[in-house]
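Okay, structure first, notes after.
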Amino acid sequence: QVQLVESGGGLVQAGGSLRLSCAASGSIWRINGMDWYRQAPGKQRELVATITRGGSTNYADSVKGRFTISRDNAKNTVYLQMNSLKPEDTAVYYCDAEQGGRWYWGQGTQVTVSS
């Protein structure tokens, strides 16, 4: 089993920044892809950013140029640097990670952007 714990969420004004972290622990032998998703009230969960073990990244169009995903394989941690935040970025942010063909999820961290 792999456990994921997100942190770094909070309340920020529009235009501000936050950095989310997601640390994996447990039975880790090789975590491959890691992603950030978000889910706003009344909306479906959407993919925000992805990063491979080798560092290749992809972003949703809505966050390109504002968010940066990165990871530290030695620490089994993935990060999401969020700049120029907008009220529409308000959501619960979740990370997930793949190991051995199985995906694991964190419990989520709330991000609220006030206008």
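Shown here are the Rg and Dmax of the Cα trace of the chain, at 13.5, 43 Å. Cross-link partners of residue 75 among aspartates and glutamates, defined as those whose alpha carbon lies under 20 angstrom from its own and excluding same-chain residues fewer than eight positions apart: 6, 35, 96, 98.
Counting protein heavy atoms only, the chain has 46 percent of its accessible area on carbon and sulfur, 1.4 angstrom probe.
For residue 86, a cut-off of 22 angstrom between C-alpha atoms picks up these lysines, skipping any fewer than 8 places away in its own chain: 43, 64.
What you get for the range 1-97, charging only the Cβ of Lys and Arg (+1) and of Asp and Glu (-1), is a dipole of about 140 debye around the Cα centre.
If R₀ is 25 angstrom, what is the calculated FRET efficiency for the pair residue 58 and residue 27, using the beta carbon separation as r and rounding to 0.05?
Efficiency, rounded to the nearest 0.05: 0.35.
Under 13 Å from the 7 Å Cα→Cβ point of residue 13, by amide nitrogen: which residues of the range 49-79? Within reach of a label on residue 13, which here means backbone N under 13 Å from a point 7 Å along Cα→Cβ, the range 49-79 contributes nothing. Protection proxy ranking for 28-38, 98-108, using the average of other Cβ atoms within 10 Å per residue and placing the highest first: 28-38, 98-108.
The values are calculated or read from the model by the stated rules, or taken from the named source; none is laboratory data. No experiment lies behind these values; they were computed from the predicted model shown. In this analysis, Cβ positions are derived from the backbone assuming ideal geometry, glycine residues included, and neighbour counts consider all displayed protein chains. Side chains are part of the model used for accessible areas, which takes the heavy atoms of the whole protein and leaves out ligands, DNA and RNA. Shrake-Rupley method; radii C 1.70, N 1.55, O 1.52, S 1.80 Å.
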